[in-house]
Amino acid sequence: MIGSQERWQEDLFVAGSLRDLIPKDHILRRVDRVLDLSWLRDELRDCYCEDNGRPGIDPEAALRLMLAGLFHGITHDRKLMREAQVNLAIRWFAGFPVNARLPNHSSLTRIRQRWGEERFRRIFQRTVQACLKAKLVNAETVHIDATLIRANVSYESYAQGHAGRVLGANEIPTSGEKRKVSRTDPDAGFATSSRKNGSEPSYKQHTAIDDSHGVIVDVLPTRGDVNEGNELVAQIQRIETATGKSVKQVTADAGYAHGKVYAAMEGRQITAVIPPRPMLPTRTAIPVQRFKYDDRAQLVRCPRGRVLRRSSRVDHGWVYKSRTSDCRRCPLRESCLSPSVGRRAVCISDGYAALLRARRLRPNWQQQHHTLYKRHRWRAEGAHSEAKGQHGLGRAIRRGLWNVAVQVYLTAAAMNLKRLAASPYWPKFVSALRAMTSVLRDHWLPAAFFFEHRAMAPACIC
(Lines give C-alpha, C1' and ligand atoms only; values in the text may rest on other atoms or scores of the structure.)
Protein backbone atom coordinates (compact mmCIF):
# COMPACT_ATOMS: atom_id res chain seq x y z
CA MET A 1 0.00 0.00 0.00
CA ILE A 2 1.40 3.39 -1.00
CA GLY A 3 1.55 5.80 1.90
CA SER A 4 0.79 9.51 1.81
CA GLN A 5 2.39 12.44 3.58
CA GLU A 6 1.02 15.94 4.17
CA ARG A 7 3.76 18.23 2.88
CA TRP A 8 2.67 21.75 3.72
CA GLN A 9 1.52 21.47 7.31
CA GLU A 10 3.80 23.52 9.55
CA ASP A 11 4.44 22.57 13.16
CA LEU A 12 4.30 25.38 15.67
CA PHE A 13 6.02 23.42 18.43
CA VAL A 14 8.59 20.60 18.28
CA ALA A 15 9.21 18.57 21.44
CA GLY A 16 12.84 17.73 22.16
CA SER A 17 16.23 19.35 21.53
CA LEU A 18 18.20 19.94 18.38
CA ARG A 19 20.73 17.35 19.51
CA ASP A 20 18.08 14.63 19.13
CA LEU A 21 17.63 15.56 15.46
CA ILE A 22 21.34 15.19 14.64
CA PRO A 23 22.79 11.69 14.02
CA LYS A 24 25.14 10.47 16.72
CA ASP A 25 27.90 9.82 14.20
CA HIS A 26 27.68 13.32 12.68
CA ILE A 27 31.03 15.06 12.55
CA LEU A 28 29.81 18.07 14.54
CA ARG A 29 28.44 15.90 17.36
CA ARG A 30 31.69 13.97 17.54
CA VAL A 31 33.79 17.14 17.55
CA ASP A 32 31.56 18.83 20.12
CA ARG A 33 32.29 15.98 22.50
CA VAL A 34 36.01 16.85 22.59
CA LEU A 35 35.89 20.61 22.02
CA ASP A 36 36.27 22.97 24.97
CA LEU A 37 36.58 26.68 24.24
CA SER A 38 36.07 27.98 27.76
CA TRP A 39 39.50 29.64 27.60
CA LEU A 40 38.68 31.67 24.48
CA ARG A 41 36.87 34.55 26.20
CA ASP A 42 39.84 35.35 28.45
CA GLU A 43 42.18 35.07 25.47
CA LEU A 44 40.21 37.70 23.56
CA ARG A 45 39.39 40.00 26.45
CA ASP A 46 41.75 42.74 25.23
CA CYS A 47 39.98 42.81 21.83
CA TYR A 48 36.68 44.07 23.28
CA CYS A 49 35.64 46.95 25.50
CA GLU A 50 34.35 45.90 28.91
CA ASP A 51 31.81 48.67 29.57
CA ASN A 52 31.12 50.47 26.30
CA GLY A 53 29.37 49.63 23.02
CA ARG A 54 26.71 47.14 22.14
CA PRO A 55 27.23 43.43 22.88
CA GLY A 56 29.11 41.65 20.16
CA ILE A 57 28.88 38.11 18.90
CA ASP A 58 29.97 35.47 21.37
CA PRO A 59 33.59 34.56 20.42
CA GLU A 60 32.94 30.85 20.92
CA ALA A 61 29.89 30.98 18.66
CA ALA A 62 31.86 32.79 15.95
CA LEU A 63 34.71 30.30 16.09
CA ARG A 64 32.32 27.37 16.05
CA LEU A 65 30.68 28.80 12.93
CA MET A 66 34.05 29.02 11.17
CA LEU A 67 34.98 25.48 12.18
CA ALA A 68 31.58 24.10 11.17
CA GLY A 69 32.02 25.63 7.72
CA LEU A 70 35.41 23.96 7.29
CA PHE A 71 34.01 20.60 8.43
CA HIS A 72 31.46 20.90 5.61
CA GLY A 73 33.98 22.20 3.08
CA ILE A 74 32.49 25.71 3.10
CA THR A 75 35.07 28.50 3.01
CA HIS A 76 33.01 31.53 1.89
CA ASP A 77 31.22 33.41 4.66
CA ARG A 78 28.12 34.15 2.58
CA LYS A 79 27.64 30.50 1.70
CA LEU A 80 28.29 29.47 5.30
CA MET A 81 25.62 31.74 6.75
CA ARG A 82 23.08 30.67 4.11
CA GLU A 83 23.81 27.04 4.96
CA ALA A 84 23.54 27.73 8.69
CA GLN A 85 20.02 29.11 8.21
CA VAL A 86 18.71 25.68 7.17
CA ASN A 87 21.30 23.32 8.65
CA LEU A 88 20.23 22.27 12.14
CA ALA A 89 23.60 20.68 12.89
CA ILE A 90 25.47 23.96 12.32
CA ARG A 91 22.92 25.88 14.40
CA TRP A 92 23.22 23.42 17.26
CA PHE A 93 27.04 23.30 17.06
CA ALA A 94 27.32 27.11 17.15
CA GLY A 95 24.66 27.46 19.88
CA PHE A 96 21.90 29.22 17.91
CA PRO A 97 18.27 28.10 18.47
CA VAL A 98 15.99 27.45 15.53
CA ASN A 99 14.23 30.80 15.84
CA ALA A 100 17.43 32.79 16.58
CA ARG A 101 18.72 35.29 14.06
CA LEU A 102 22.16 34.46 12.73
CA PRO A 103 24.90 37.09 12.42
CA ASN A 104 25.61 38.76 9.13
CA HIS A 105 28.38 37.24 7.04
CA SER A 106 30.40 40.46 7.25
CA SER A 107 30.63 40.03 11.02
CA LEU A 108 32.94 37.05 10.57
CA THR A 109 35.25 39.19 8.44
CA ARG A 110 35.43 41.89 11.11
CA ILE A 111 36.02 39.26 13.79
CA ARG A 112 39.00 37.85 11.90
CA GLN A 113 40.42 41.35 11.49
CA ARG A 114 39.93 42.09 15.17
CA TRP A 115 41.44 38.87 16.47
CA GLY A 116 44.44 38.90 14.15
CA GLU A 117 46.68 36.15 12.83
CA GLU A 118 48.43 35.41 16.13
CA ARG A 119 45.28 34.38 17.97
CA PHE A 120 44.28 31.95 15.26
CA ARG A 121 47.74 30.46 15.52
CA ARG A 122 47.14 29.95 19.24
CA ILE A 123 43.84 28.25 18.47
CA PHE A 124 45.72 25.79 16.30
CA GLN A 125 48.33 25.27 19.01
CA ARG A 126 45.55 24.46 21.49
CA THR A 127 44.43 21.60 19.27
CA VAL A 128 48.00 20.29 19.21
CA GLN A 129 48.10 20.36 23.01
CA ALA A 130 44.74 18.57 23.14
CA CYS A 131 46.04 15.79 20.88
CA LEU A 132 49.18 15.63 23.00
CA LYS A 133 47.11 15.09 26.16
CA ALA A 134 45.07 12.45 24.36
CA LYS A 135 48.34 10.62 23.58
CA LEU A 136 47.91 11.06 19.85
CA VAL A 137 51.29 12.77 19.38
CA ASN A 138 54.58 10.96 19.72
CA ALA A 139 56.83 13.59 18.08
CA GLU A 140 59.65 11.10 17.53
CA THR A 141 59.03 10.76 13.78
CA VAL A 142 57.79 13.81 11.88
CA HIS A 143 56.89 14.09 8.20
CA ILE A 144 57.53 17.53 6.73
CA ASP A 145 56.26 18.74 3.39
CA ALA A 146 55.16 21.93 1.66
CA THR A 147 52.34 22.60 -0.78
CA LEU A 148 51.22 25.55 -2.86
CA ILE A 149 47.96 27.41 -2.32
CA ARG A 150 46.72 29.31 -5.35
CA ALA A 151 46.28 33.01 -4.60
CA ASN A 152 42.86 34.58 -5.07
CA VAL A 153 43.81 36.66 -8.11
CA SER A 154 43.02 36.48 -11.81
CA TYR A 155 45.40 36.15 -14.74
CA GLU A 156 44.63 39.75 -15.72
CA SER A 157 46.30 40.99 -12.53
CA TYR A 158 49.77 39.78 -13.58
CA ALA A 159 52.34 42.44 -14.28
CA GLN A 160 55.89 42.06 -15.55
CA GLY A 161 57.70 44.84 -13.83
CA HIS A 162 60.56 45.82 -11.61
CA ALA A 163 60.33 43.87 -8.38
CA GLY A 164 62.07 46.57 -6.40
CA ARG A 165 59.02 48.84 -6.56
CA VAL A 166 56.81 46.29 -4.87
CA LEU A 167 59.37 44.72 -2.57
CA GLY A 168 60.88 48.04 -1.59
CA ALA A 169 57.48 49.41 -0.61
CA ASN A 170 57.04 46.39 1.66
CA GLU A 171 60.59 46.76 3.07
CA ILE A 172 61.72 43.46 1.52
CA PRO A 173 65.31 43.43 0.22
CA THR A 174 65.72 42.77 -3.48
CA SER A 175 68.58 42.39 -5.91
CA GLY A 176 66.83 44.47 -8.56
CA GLU A 177 65.79 41.64 -10.88
CA LYS A 178 62.62 41.73 -12.90
CA ARG A 179 59.84 39.31 -12.07
CA LYS A 180 56.10 38.90 -12.36
CA VAL A 181 53.95 40.41 -9.62
CA SER A 182 50.23 40.56 -8.95
CA ARG A 183 48.77 44.02 -8.64
CA THR A 184 45.79 42.86 -6.56
CA ASP A 185 47.77 40.67 -4.13
CA PRO A 186 51.45 41.68 -3.92
CA ASP A 187 52.02 39.31 -0.96
CA ALA A 188 51.69 36.29 -3.25
CA GLY A 189 54.86 34.86 -4.76
CA PHE A 190 55.05 33.24 -8.18
CA ALA A 191 55.86 29.54 -8.03
CA THR A 192 55.02 26.25 -9.69
CA SER A 193 54.81 22.67 -8.48
CA SER A 194 56.01 21.19 -11.78
CA ARG A 195 58.36 22.23 -14.53
CA LYS A 196 55.66 21.39 -17.05
CA ASN A 197 53.33 24.05 -15.62
CA GLY A 198 53.84 27.77 -15.62
CA SER A 199 54.35 29.75 -12.43
CA GLU A 200 51.26 31.20 -10.74
CA PRO A 201 50.76 33.61 -7.82
CA SER A 202 50.65 31.32 -4.82
CA TYR A 203 51.23 30.94 -1.13
CA LYS A 204 53.07 28.02 0.41
CA GLN A 205 52.02 26.00 3.43
CA HIS A 206 54.85 24.28 5.32
CA THR A 207 53.34 21.38 7.28
CA ALA A 208 54.78 18.99 9.87
CA ILE A 209 52.75 15.86 10.63
CA ASP A 210 53.30 13.40 13.44
CA ASP A 211 53.73 9.82 12.30
CA SER A 212 51.64 8.05 14.94
CA HIS A 213 48.13 9.41 14.22
CA GLY A 214 48.64 12.02 11.50
CA VAL A 215 48.22 15.04 13.79
CA ILE A 216 49.47 18.32 12.34
CA VAL A 217 52.01 19.51 14.91
CA ASP A 218 53.23 22.60 13.08
CA VAL A 219 52.10 24.67 10.11
CA LEU A 220 53.52 27.84 8.61
CA PRO A 221 52.14 29.91 5.68
CA THR A 222 54.60 31.91 3.57
CA ARG A 223 54.91 33.38 0.09
CA GLY A 224 54.91 30.87 -2.70
CA ASP A 225 58.51 31.54 -3.75
CA VAL A 226 60.02 30.80 -0.32
CA ASN A 227 62.38 27.81 -0.30
CA GLU A 228 60.98 25.10 1.97
CA GLY A 229 64.46 24.01 3.01
CA ASN A 230 64.98 27.31 4.81
CA GLU A 231 62.04 26.63 7.15
CA LEU A 232 62.75 23.04 8.22
CA VAL A 233 65.07 23.74 11.15
CA ALA A 234 62.75 26.38 12.60
CA GLN A 235 59.83 23.96 12.28
CA ILE A 236 61.66 21.30 14.27
CA GLN A 237 62.47 23.82 16.98
CA ARG A 238 58.81 24.83 17.25
CA ILE A 239 57.72 21.18 17.38
CA GLU A 240 60.12 20.36 20.20
CA THR A 241 59.06 23.48 22.11
CA ALA A 242 55.35 22.74 21.73
CA THR A 243 55.52 19.02 22.55
CA GLY A 244 58.40 19.00 25.02
CA LYS A 245 59.88 16.00 23.17
CA SER A 246 62.93 15.55 20.99
CA VAL A 247 62.45 14.71 17.33
CA LYS A 248 64.48 11.65 16.35
CA GLN A 249 63.54 11.12 12.69
CA VAL A 250 62.48 13.53 9.97
CA THR A 251 61.20 12.58 6.53
CA ALA A 252 60.89 14.94 3.58
CA ASP A 253 60.96 14.81 -0.20
CA ALA A 254 63.79 15.79 -2.53
CA GLY A 255 62.81 19.45 -2.29
CA TYR A 256 64.54 19.51 1.10
CA ALA A 257 67.71 17.75 -0.12
CA HIS A 258 70.11 20.60 0.56
CA GLY A 259 73.48 20.40 2.23
CA LYS A 260 72.50 22.86 4.95
CA VAL A 261 69.48 20.68 5.82
CA TYR A 262 71.57 17.52 6.16
CA ALA A 263 74.16 19.41 8.20
CA ALA A 264 71.50 20.81 10.52
CA MET A 265 70.02 17.35 11.06
CA GLU A 266 73.45 15.92 11.85
CA GLY A 267 74.06 18.73 14.33
CA ARG A 268 70.80 17.94 16.13
CA GLN A 269 71.43 14.16 15.94
CA ILE A 270 68.27 13.59 13.90
CA THR A 271 68.00 10.87 11.28
CA ALA A 272 67.10 12.58 8.01
CA VAL A 273 65.15 10.27 5.69
CA ILE A 274 65.46 12.62 2.72
CA PRO A 275 66.44 11.21 -0.69
CA PRO A 276 69.22 13.38 -2.18
CA ARG A 277 68.88 14.64 -5.70
CA PRO A 278 71.05 12.92 -8.31
CA MET A 279 73.77 14.97 -9.96
CA LEU A 280 72.77 15.88 -13.49
CA PRO A 281 75.52 15.29 -16.06
CA THR A 282 76.85 18.26 -18.00
CA ARG A 283 78.01 18.13 -21.61
CA THR A 284 80.16 21.25 -21.72
CA ALA A 285 82.35 20.93 -18.64
CA ILE A 286 83.66 18.43 -16.13
CA PRO A 287 80.92 18.04 -13.48
CA VAL A 288 81.38 19.26 -9.94
CA GLN A 289 81.21 15.74 -8.46
CA ARG A 290 84.61 14.97 -9.98
CA PHE A 291 86.15 17.71 -7.84
CA LYS A 292 87.23 16.54 -4.38
CA TYR A 293 86.17 18.75 -1.51
CA ASP A 294 88.22 18.88 1.70
CA ASP A 295 85.93 20.17 4.44
CA ARG A 296 88.64 20.38 7.08
CA ALA A 297 91.09 22.36 4.95
CA GLN A 298 88.29 24.19 3.11
CA LEU A 299 89.69 23.67 -0.36
CA VAL A 300 88.79 21.85 -3.56
CA ARG A 301 91.00 19.71 -5.79
CA CYS A 302 90.33 19.28 -9.48
CA PRO A 303 90.68 15.92 -11.31
CA ARG A 304 94.35 16.81 -12.03
CA GLY A 305 95.06 17.50 -8.34
CA ARG A 306 95.24 21.28 -8.63
CA VAL A 307 93.93 23.31 -5.70
CA LEU A 308 90.93 25.64 -5.90
CA ARG A 309 90.64 28.11 -3.03
CA ARG A 310 87.83 30.25 -1.68
CA SER A 311 87.19 33.34 -3.72
CA SER A 312 83.82 34.91 -2.88
CA ARG A 313 80.68 34.30 -0.86
CA VAL A 314 77.24 33.75 -2.42
CA ASP A 315 73.82 33.30 -0.84
CA HIS A 316 74.04 29.53 -0.38
CA GLY A 317 77.78 28.83 -0.23
CA TRP A 318 81.30 29.73 -1.38
CA VAL A 319 82.86 30.03 -4.83
CA TYR A 320 86.20 28.26 -5.24
CA LYS A 321 88.51 29.30 -8.09
CA SER A 322 91.74 27.89 -9.46
CA ARG A 323 94.80 29.80 -10.59
CA THR A 324 94.96 30.93 -14.18
CA SER A 325 98.44 29.46 -14.62
CA ASP A 326 97.24 26.01 -13.52
CA CYS A 327 94.38 25.98 -16.04
CA ARG A 328 96.50 27.38 -18.91
CA ARG A 329 98.76 24.32 -19.12
CA CYS A 330 96.14 21.71 -18.09
CA PRO A 331 95.51 18.88 -20.64
CA LEU A 332 91.80 18.82 -19.60
CA ARG A 333 91.28 22.48 -20.42
CA GLU A 334 89.16 21.88 -23.53
CA SER A 335 86.73 19.62 -21.66
CA CYS A 336 86.71 21.74 -18.49
CA LEU A 337 86.59 25.36 -19.69
CA SER A 338 85.23 27.33 -22.59
CA PRO A 339 87.74 29.24 -24.73
CA SER A 340 86.72 32.61 -23.27
CA VAL A 341 87.26 31.58 -19.62
CA GLY A 342 90.69 31.69 -18.05
CA ARG A 343 90.18 29.53 -14.92
CA ARG A 344 87.70 27.11 -13.43
CA ALA A 345 85.26 28.12 -10.67
CA VAL A 346 82.95 25.82 -8.72
CA CYS A 347 80.33 26.68 -6.12
CA ILE A 348 80.32 24.60 -2.93
CA SER A 349 77.06 24.98 -1.02
CA ASP A 350 76.80 25.17 2.76
CA GLY A 351 76.84 21.71 4.31
CA TYR A 352 78.29 20.14 1.16
CA ALA A 353 80.14 17.49 3.20
CA ALA A 354 76.87 16.36 4.81
CA LEU A 355 75.27 16.23 1.35
CA LEU A 356 78.06 13.94 0.12
CA ARG A 357 77.53 11.63 3.09
CA ALA A 358 73.79 11.51 2.38
CA ARG A 359 74.46 10.56 -1.26
CA ARG A 360 76.76 7.73 -0.17
CA LEU A 361 74.20 6.43 2.33
CA ARG A 362 71.22 6.56 -0.04
CA PRO A 363 71.94 3.24 -1.86
CA ASN A 364 72.39 1.55 1.55
CA TRP A 365 69.06 2.58 3.05
CA GLN A 366 67.69 -0.07 5.37
CA GLN A 367 64.15 -1.41 5.27
CA GLN A 368 63.04 0.96 8.02
CA HIS A 369 64.14 3.97 5.97
CA HIS A 370 62.16 2.79 2.93
CA THR A 371 59.15 2.12 5.17
CA LEU A 372 59.33 5.61 6.70
CA TYR A 373 59.58 7.27 3.31
CA LYS A 374 56.53 5.34 2.09
CA ARG A 375 54.64 6.52 5.17
CA HIS A 376 55.75 10.06 4.38
CA ARG A 377 54.02 9.89 1.02
CA TRP A 378 50.57 9.08 2.38
CA ARG A 379 50.94 10.95 5.66
CA ALA A 380 52.21 14.30 4.37
CA GLU A 381 50.79 14.29 0.86
CA GLY A 382 47.57 12.74 2.15
CA ALA A 383 47.15 15.58 4.65
CA HIS A 384 47.60 18.15 1.87
CA SER A 385 45.08 16.31 -0.28
CA GLU A 386 42.60 16.22 2.60
CA ALA A 387 43.03 19.94 3.29
CA LYS A 388 42.49 20.87 -0.35
CA GLY A 389 39.83 18.33 -1.27
CA GLN A 390 37.66 18.40 1.86
CA HIS A 391 38.35 21.79 3.46
CA GLY A 392 38.83 24.11 0.49
CA LEU A 393 42.52 24.94 0.95
CA GLY A 394 43.35 24.47 -2.72
CA ARG A 395 42.75 28.18 -3.31
CA ALA A 396 43.02 31.15 -0.99
CA ILE A 397 39.64 32.67 -0.21
CA ARG A 398 40.95 36.10 0.75
CA ARG A 399 43.96 38.18 -0.23
CA GLY A 400 47.00 39.00 1.82
CA LEU A 401 49.39 36.76 3.72
CA TRP A 402 47.67 37.23 7.08
CA ASN A 403 44.29 36.27 5.62
CA VAL A 404 45.79 33.11 4.11
CA ALA A 405 47.45 32.39 7.46
CA VAL A 406 44.07 32.52 9.22
CA GLN A 407 42.64 30.08 6.67
CA VAL A 408 45.64 27.77 7.07
CA TYR A 409 45.50 27.76 10.90
CA LEU A 410 41.75 27.13 11.00
CA THR A 411 42.02 24.30 8.47
CA ALA A 412 44.82 22.64 10.44
CA ALA A 413 42.83 23.04 13.67
CA ALA A 414 39.76 21.44 12.06
CA MET A 415 41.82 18.49 10.83
CA ASN A 416 43.33 17.97 14.29
CA LEU A 417 39.89 18.06 15.87
CA LYS A 418 38.74 15.37 13.44
CA ARG A 419 41.59 13.14 14.54
CA LEU A 420 40.88 13.89 18.18
CA ALA A 421 37.19 13.04 17.77
CA ALA A 422 37.99 9.81 15.93
CA SER A 423 40.53 8.67 18.50
CA PRO A 424 39.60 5.53 20.47
CA TYR A 425 41.13 7.14 23.55
CA TRP A 426 38.15 9.34 24.35
CA PRO A 427 35.36 6.69 24.24
CA LYS A 428 37.43 4.49 26.54
CA PHE A 429 38.05 7.43 28.84
CA VAL A 430 34.38 8.37 28.97
CA SER A 431 33.28 4.78 29.62
CA ALA A 432 35.85 4.45 32.39
CA LEU A 433 34.69 7.76 33.89
CA ARG A 434 31.07 6.62 33.84
CA ALA A 435 31.96 3.31 35.48
CA MET A 436 33.95 5.09 38.16
CA THR A 437 31.18 7.58 38.93
CA SER A 438 28.65 4.73 39.06
CA VAL A 439 30.72 2.91 41.69
CA LEU A 440 31.28 6.08 43.68
CA ARG A 441 27.57 6.91 43.57
CA ASP A 442 26.40 3.47 44.65
CA HIS A 443 28.94 2.62 47.31
CA TRP A 444 31.27 5.27 48.66
CA LEU A 445 30.09 8.83 48.14
CA PRO A 446 26.84 10.46 49.28
CA ALA A 447 24.24 11.10 46.63
CA ALA A 448 24.42 14.86 47.18
CA PHE A 449 28.13 14.88 46.27
CA PHE A 450 27.49 12.85 43.10
CA PHE A 451 24.67 15.03 41.82
CA GLU A 452 26.71 18.13 42.58
CA HIS A 453 29.63 16.92 40.45
CA ARG A 454 27.88 14.83 37.78
CA ALA A 455 28.43 17.50 35.10
CA MET A 456 32.21 17.38 35.43
CA ALA A 457 33.89 16.45 32.15
CA PRO A 458 37.52 16.31 30.99
CA ALA A 459 38.87 19.50 29.48
CA CYS A 460 39.97 18.44 26.01
CA ILE A 461 41.48 21.72 24.90
CA CYS A 462 42.95 23.69 27.75
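The values are calculated or read from the model by the stated rules, or taken from the named source; none is laboratory data. Remember, it's a predicted structure, so these values are computed and weren't measured experimentally. Cβ sites come from the backbone with ideal geometry, for glycine too, and all protein chains shown count toward neighbours.
Structure values in brief
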{"quantity": "Qualifying residue in the range 20-37 (condition: modelled with pLDDT under 85 and out of contact with any helix residue (DSSP H, G or I) (no Cβ under 8 Å at 6 or more places or on another chain))", "calculated": "yes"}
{"quantity": "Test: Ala254 is among the small types (Gly, Ala, Ser), surrounded by 15 or more Cβ atoms within 10 Å (Cβ to Cβ) and in the same structural domain as Ala383 (by TED's automatic domain parsing)", "calculated": "no"}
{"quantity": "In the range 222-241, residue nearest to Val128 (Cα to Cα) [restricted to those that are more than 15 Å from the chain's Cα centre (by Cα) and surrounded by 14 or more Cβ atoms within 10 Å (Cβ to Cβ)]", "calculated": "Glu240"}
{"quantity": "Candidates Ser193, Ser175, filtered to the one that is at pLDDT below 80, surrounded by 11 or more Cβ atoms within 10 Å (Cβ to Cβ), of a type in the set (S, T, N, Q) and not in a strand (DSSP E or B)", "calculated": "Ser193"}
{"quantity": "Any hit, the range 120-136, residues being crowded, with 16+ Cβ neighbours inside 10 Å and either in a loop (DSSP other than H, G, I, E, B) or modelled with pLDDT under 85 (or both)", "calculated": "yes"}
{"quantity": "The range 258-274 - residue that is in a loop (DSSP other than H, G, I, E, B) and either surrounded by 20 or more Cβ atoms within 10 Å (Cβ to Cβ) or outside the structural domain of Ser194 (by TED's automatic domain parsing) (or both) and, of those, farthest from the chain's Cα centre (by Cα)", "calculated": "His258"}
{"quantity": "Failed item, numbered, when Met456 is tested on (1) out of contact with any helix residue (DSSP H, G or I) (no Cβ under 7 Å at 6 or more places or on another chain); (2) at pLDDT below 90; (3) surrounded by 13 or more Cβ atoms within 10 Å (Cβ to Cβ); (4) aliphatic (A, V, I, L, M)", "calculated": "(3)"}
{"quantity": "Residues of the range 37-59 classified as within 15 Å of Arg110 (Cα to Cα) and not in a loop (DSSP other than H, G, I, E, B), total", "calculated": "2"}
{"quantity": "Looking only at the range 58-95, and only at residues there that are basic (Lys, Arg) and over 18 Å from Arg398 (Cβ atoms), the one that is surrounded by the fewest Cβ atoms within 10 Å (Cβ to Cβ)", "calculated": "Arg82"}
{"quantity": "Tally, over the range 246-257, of residues that are of a type outside the set (Ser, Thr, Tyr) and farther than 17 Å from Ala191 by Cβ", "calculated": "6"}
{"quantity": "Qualifying position, being out of contact with any Gly (no Cβ under 7 Å at 6 or more places or on another chain) and without any contact (Cβ under 8 Å) to a residue 60 or more places away in the chain, among Gln298, Gln235, Gln249", "calculated": "Gln298"}
{"quantity": "Test: residue in the range 75-97 that is assigned to a loop (DSSP other than H, G, I, E, B) and under 28 Å from the mean Cα position of the chain (by Cα)", "calculated": "yes"}
{"quantity": "Breaking point among (1) among the small types (Gly, Ala, Ser); (2) without any contact (Cβ under 8 Å) to a residue 24 or more places away in the chain; (3) closer than 20 Å to Ala413 by Cβ, for Gly53", "calculated": "(3)"}
{"quantity": "Flag if Phe96 is touching a helix residue (DSSP H, G or I) at 6+ places or on another chain (Cβ under 9 Å), without any contact (Cβ under 8 Å) to a residue 40 or more places away in the chain and not small (Gly, Ala, Ser)", "calculated": "yes"}
{"quantity": "Arg343 under 30 Å from Ala139 (Cβ atoms) and free of Cβ contacts under 8 Å to residues at least 60 places away in the same chain", "calculated": "no"}
{"quantity": "Of all residues in the range 307-352 being within 47 Å of the chain's Cα centre (by Cα) and farther than 30 Å from Gly267 by Cβ, the one that is surrounded by the fewest Cβ atoms within 10 Å (Cβ to Cβ)", "calculated": "Ser338"}
{"quantity": "Residues located in the range 363-409, provided they are of a type in the set (S, T, N, Q), surrounded by 17 or more Cβ atoms within 10 Å (Cβ to Cβ) and not in a helix (DSSP H, G or I)", "calculated": "none"}
{"quantity": "Test: residue in the range 279-286 that is touching a Leu at 6+ places or on another chain (Cβ under 8 Å) and assigned to a helix (DSSP H, G or I)", "calculated": "no"}
{"quantity": "Considering residues of the range 247-257 that are out of contact with any helix residue (DSSP H, G or I) (no Cβ under 6 Å at 6 or more places or on another chain) and part of a loop (DSSP other than H, G, I, E, B) only, the residue nearest to Ala130 (Cα to Cα)", "calculated": "Lys248"}
{"quantity": "Failed item, numbered, when Arg323 is tested on (1) within 28 Å of Ala257 (Cβ to Cβ); (2) modelled with pLDDT of 90 or more", "calculated": "(1)"}
{"quantity": "Positions within the range 98-119 being outside any helix (DSSP H, G or I) and crowded, with 16+ Cβ neighbours inside 10 Å, in sequence order", "calculated": "Leu102, Pro103"}
